[in-house]
Amino acid sequence: MQFALPDGYNLNVEEVGSGFPVIVLHGGPGLDHSMFRPYLDPLGDEYRLLYVDERGQGRSQRVDPATLSLEAFARDVDLLAETLELDSFALLGHSFGAIIATYHATELGTAAAYVISAGGDSSAALDADVTAALDALGDGGKAIAQSWEDEKTVETDAQLMQLLRDQLPFHFHGEPPPGYAEQTVPSPEVLRHFANAGYGDFDYRPKLKNVDKPTLVIVGEYDPTTTPRAARVLHEGIADSELHVVPDAGHLSFVEQPDDYISAVRDFLSRAAK
């Protein structure tokens, strides 16, 4: 359902479960919260999951992509908490959502705990890791590399969905589940904007020392995009952090190994989300 934030913006949020609130930020950009369903839903037996369609995406109100930034997405987290009158909350972000969550942790720090799932330490390092992974694939990597380049000119929902289908095999260590991501509500204008803007052009390495809340850094063992290398940088830079590597999983570790992923998140939140 949509919630009117204090600035008048209508943010779409889907709720599952009850208990301590966990705000959940999806990857992309240009996607929506459906990537998490039903994989994270089991956490709803203990936690109030608040699946967010980030500003301008999914079923949230559409806006001029030029108004979007990592800061804007991060501040929406606090605006949502204010709207829902949350005294405390945890923040879980995956992939691009993890980049937003890391911005929130380093700049705002209002969450009681953070789960940085498939995060990045800097946009430059992220680009280098992806390039190395694609180069290792040889000719097979060229088509995937072209699909990333095509993000800069994507125009239609159908084009974005085809790019997603083309890229999914790269993101999985095994085979993608049939039909995964077909329920996505795409926003190609947002993807195009960020593809041309370096996905936020971030470098968190000097700021990780600012994070003073318990943080779980979680990554797939074979994630070729937001790699275990990046996860180690985040973990080593955040004093009160834990690192969990999901075995036999790629970028979408919560899909490939849901039991291991859920167990790690549940264990962390049981100690940190207060």
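The values are calculated or read from the model by the stated rules, or taken from the named source; none is laboratory data. This structure is a prediction, so every number in the text was calculated from the model and none was measured. For neighbour counting, all protein chains shown are included, and Cβ atoms are generated from backbone atoms with ideal geometry for every residue, glycine included.
Just to verify a result, which residue in the range 78-120, among those that are among the aromatic types (Phe, Trp, Tyr) and out of contact with any strand residue (DSSP E or B) (no Cβ under 6 Å at 6 or more places or on another chain), is farthest from ARG55 (Cα to Cα)? Outline the logic, then answer.
The initial filter retains those residues of the range 78-120 that are among the aromatic types (Phe, Trp, Tyr), namely 89, 96, 103, 114.
Filter again for out of contact with any strand residue (DSSP E or B) (no Cβ under 6 Å at 6 or more places or on another chain), leaving 96, 103.
On the way: PHE96: 13, TYR103: 16 Å.
Ranking the qualifying residues of the range 78-120, first place goes to TYR103.
All of ASP248, ASP212, ASP267, ASP259 fail the test of being surrounded by fewer than 18 Cβ atoms within 10 Å (Cβ to Cβ) and more than 22 Å from ARG37 (Cα to Cα), apart from ASP212. Residues that are of a type in the set (Val, Ile, Thr), in a helix (DSSP H, G or I), surrounded by fewer than 19 Cβ atoms within 10 Å (Cβ to Cβ) and in contact (Cβ under 8 Å) with a residue 40 or more places away in the chain within the range 63-83 comprise just one, THR83. Within the range 144-164, the residues that satisfy the criterion of being touching a residue at least 12 places away in the same chain (Cβ under 8 Å) and of a type in the set (D, E, K, R) are ASP150, GLU151, LYS152, GLU155, ASP157. Put simply, of SER123, SER95 the only residue that is of a type in the set (Ser, Thr, Tyr), more than 26 Å from ARG271 (Cα to Cα) and either modelled with pLDDT under 95 or in contact with a Gly (Cβ under 8 Å, 6 or more places away or on another chain) (or both) is SER123. Set side by side, the residues ALA125, ALA133 differ, and just one is closer than 21 Å to TYR103 by Cβ, small (Gly, Ala, Ser) and either in contact (Cβ under 8 Å) with a residue 60 or more places away in the chain or part of a helix (DSSP H, G or I) (or both), which is ALA125.
Whether any residue in the range 65-74 is out of contact with any Asp or Glu (no Cβ under 7 Å at 6 or more places or on another chain) and either under 19 Å from GLU14 (Cβ atoms) or basic (Lys, Arg) (or both) is what I want to check. Explain how you work it out, then say what you get.
To start, the set of residues in the range 65-74 that are out of contact with any Asp or Glu (no Cβ under 7 Å at 6 or more places or on another chain) comprises 66-72.
The next check asks that each one be either under 19 Å from GLU14 (Cβ atoms) or basic (Lys, Arg) (or both); those that pass are none.
Scanning the range 65-74, I find no residue that is out of contact with any Asp or Glu (no Cβ under 7 Å at 6 or more places or on another chain) and either under 19 Å from GLU14 (Cβ atoms) or basic (Lys, Arg) (or both), so the answer is no.
Looking at the range 171-216 only, could you name the residues that are in contact with a His (Cβ under 7 Å, 6 or more places away or on another chain) and of a type in the set (A, V, I, L, M, F, W, C)? Listed by number, the list holds a single entry, LEU216.
Set side by side, the residues ASP166, ASP201, ASP240 differ, and just one is under 18 Å from ALA101 (Cα atoms), in contact with an Asp or Glu (Cβ under 9 Å, 6 or more places away or on another chain) and among the charged types (D, E, K, R), which is ASP240. Restricting attention to the range 67-116, the residues that are farther than 22 Å from GLY19 by Cα, under 12 Å from the mean Cα position of the chain (by Cα) and β-branched (Val, Ile, Thr) add up to 3.
Note on the range 107-148: residues that are hydroxyl-bearing (Ser, Thr, Tyr) and touching an Asp or Glu at 6+ places or on another chain (Cβ under 7 Å) total 4. Going through (1) in a strand (DSSP E or B); (2) surrounded by fewer than 19 Cβ atoms within 10 Å (Cβ to Cβ); (3) among the hydrophobic types (A, V, I, L, M, F, W, C) one by one, LEU86 falls short only on (1).
Evaluate the following for ALA4: is it within 24 Å of TYR204 (Cβ to Cβ), surrounded by fewer than 23 Cβ atoms within 10 Å (Cβ to Cβ) and aliphatic (A, V, I, L, M)? No: the conditions fail for ALA4. Close Cβ contacts (under 8 Å, 6 or more residues apart or on different chains) running from residues in the range 185-199 that are farther than 10 Å from LEU160 by Cβ and without any contact (Cβ under 8 Å) to a residue 40 or more places away in the chain to residues that are in a helix (DSSP H, G or I) and of a type in the set (A, V, I, L, M, F, W, C) are absent. Scanning the range 33-51 for residues that are buried (at least 20 other Cβ atoms within 10 Å of the Cβ) and either polar (S, T, N, Q) or touching a Phe, Trp or Tyr at 6+ places or on another chain (Cβ under 9 Å) (or both) returns HIS33, MET35, PHE36, LEU40, TYR47, LEU49, LEU50, TYR51.
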